[in-house]
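What follows is one structure encoded as structure tokens, with my remarks underneath.
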Amino acid sequence: MKTKRASTPPVSPNKQRALVDRLAQACGGAYSPKQRRQYFLTGPQWAAAYEGHALFHAPTRRPVGFEEVIREYDNIGIGHWTTHDTDVIPTQELGKEGQAETVAAIKKALKKHGLKCSMVTTETFHHAVFATSPAAESPEIRQYAKWRLENTVAIGHELGARYAVYWPGSLGYFVQGAVEETEMLRWYADGLNAACEADIKLAKAKERKPMKHCLEAKPFEPQGHIILPTSDAMLAFISSGLLKHPDMVGLNPEYLHELMWGASVRAALARALACGKLFHFDINDGYPLKHDVDIAVGLVNPLDWLNVLVLLRTHGYEGPFNLDYKPPRTTSNYGVFSVSFPTAVDRFITLWEMAGEVSTDKVVTEASAALRAGAGVKSHDATELFEANKELMTLHELIAHRIFQILVGQHRGRVYSIK
């Protein structure tokens, strides 16, 4: 027998924001802007300004400029702002008077609202000139790409950025045989070398430290086949001998980009940590083996996210957490700043603090210590060693259960009655 649902009267347009605000407040669990600013969370210009468009999607929101984004990040409590060069400067104005005017206006807005620019990145994938990548066969296109990277480094120093990120999404091909891969990798290294050389000179002139240069991998899109599709491929590239300043170059893994090809995000981050190359981290969520949906952190894989943050807390990661996601097309311009970004930040903070609980939880710490201690049996007999340790190995599943309990609050007595 179906239960009848009470009918809800239509919500007129002039009452919809009030409803959103009331229900958002009813959710609770929000942190104050002051509390949010204690975390190294960075807000991208492109994420807040995303209009809901894509290959099969028409825009659902109006354009948003950097002044509005910076003001709203201040209101929310996001203390850092990041941008692509062409998010804020039209391509035709780069390196010209228009660039200087825009950078001055950005500096003024950042100062007014107490934000810092933490990272800059270069668009080398959208404009038609990069159809064959920034490491194209054409030497004049490669020279233009070098200039773009050097110019972004200059913008970064002017804005006080500490990081530069590179996503070589167009570094690849659609059909095999069209490019020679080893040449393309050398040419791409030439561009990074130019960026690092420009950084060293500018940093010395401005009496600042050079920036950290971070490579961001993605297994699919926009090319048919990408030359550096994973963080592991980029670690190999950094140590290949093609870079003049490999010490300046590390990784900016993106959570979903690792998940897209079926990887364990935590394991990918662990490999970067082991190499000392985890400089920056883009945070979002999504689904394995699917396209780049860029959902906000914790909405799809909260348990996996908790485990990722346990790893990062354990290793003392102090770099940025960049909110690289797309507010859904169903979210209004008002909702982007009143619901989407505040809740994304609050989920991250909650998961980060939960990760601290996991690290100090008595059950987890005792079980982990016992596993590391082993049974104390000295033998070269495989069966004897297995028999001596087999009960201890059950603790793997117990630890996983305990982490789940912490995620849902069951360790604090939260249970559901069984009827």
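None of the figures in this text is laboratory data; all of them are computed from the coordinates on show. Note that the structure is predicted; figures quoted are calculated from it, not measured. Cβ coordinates were reconstructed from backbone atoms using ideal geometry, including for glycine residues, and neighbour counts include every protein chain displayed.
I need Lys218, Lys15 ordered by Cβ neighbour count within 10 Å, fewest first. Intermediate values should be presented prior to the final figure.
Details: Lys218 23, Lys15 10.
Fewest-to-most Cβ neighbours within 10 Å comes out as Lys15, Lys218.
Return the lysines within reach of Lys378: Cα separation strictly under 30 angstrom, same-chain partners fewer than 8 residues apart disregarded; answer none if there are no such residues. Here the lysines satisfying the reach criterion relative to Lys378 are Lys362, Lys390. Computed over every Cα-Cα pair of the range 267-368 and binned at 10 Å starting from 0, the pair-distance distribution P(r) comes out as 14, 41, 33, 11, 1 percent. Under 20 Å of direct C-alpha separation, and excluding same-chain neighbours fewer than eight residues apart, Lys201 reaches these lysines: Lys146, Lys209, Lys212, Lys244.
At an R0 of 51 angstrom, the distance between the Cβ atoms of Ala104 and Ala26 translates into a FRET efficiency of 0.75.
Close amide H contacts of Thr121 (hydrogens built in the peptide plane, cut-off under 5 Å, sequence separation of 5 or more or a different chain): Thr83, His84, Asp85, Val165. What residues from the range 292-325 fall in the zone where the backbone N is under 12 Å from a label point 7 Å along the Cα-to-C-beta line of His411? Inside the label zone: 307, 310.
If R0 is 41 Å, the Cβ-Cβ spacing of Ser239 and Glu67 corresponds to a FRET efficiency of close to 0.45.
One entry in [x] 83, 52, 36; [y] 72, 44, 42; [z] 72, 69, 47 is Cα extents along the principal axes in Å calculated from the shown coordinates; its label is [z].
What is the chain's relative contact order, in percent, from Cα pairs under 8 angstrom and six or more apart in sequence? Provide the component values of the computation, followed by the final result.
On the way: 633 pairs, mean separation 57.9, N = 419.
With pairs under 8 Å counted, the relative contact order is 14 percent.
With a simple spin-label model that places each label point 7 Å from the Cα along the Cα-to-Cβ direction, the separation between Asp247 and Lys4 comes to 7.7 nm. Computed over all pairs of different Cα atoms, the Kirkwood value for the hydrodynamic radius of the range 14-88 is 14.4 Å. A simple rule links phi to the HN-Hα coupling: the Karplus curve 6.51 cos²θ - 1.76 cosθ + 1.60 with θ = phi - 60°, which for the range 302-314 gives x, 5, 5, 4, 4, 5, 4, 6, 4, 4, 5, 5, 4 Hz, with x for Gly and Pro. On the basis of the beta-carbon distance and an R0 of 25 Å, Thr394 and Lys362 show a calculated FRET efficiency of 0.90.
Give me the number: length gained by fully extending Glu181 to Thr383, i.e. 0.36 nm times residue separation minus the C-alpha to C-alpha distance, one decimal in nm.
Working: separation 202, 0.36 × 202 = 72.72 nm, distance 4.89 nm.
Extra length available between Glu181 and Thr383 comes to 67.8 nm.
Cβ-to-Cβ counts within 10 Å put Tyr416, Tyr334, Tyr73 in ascending order as Tyr416, Tyr334, Tyr73, the fewest first.
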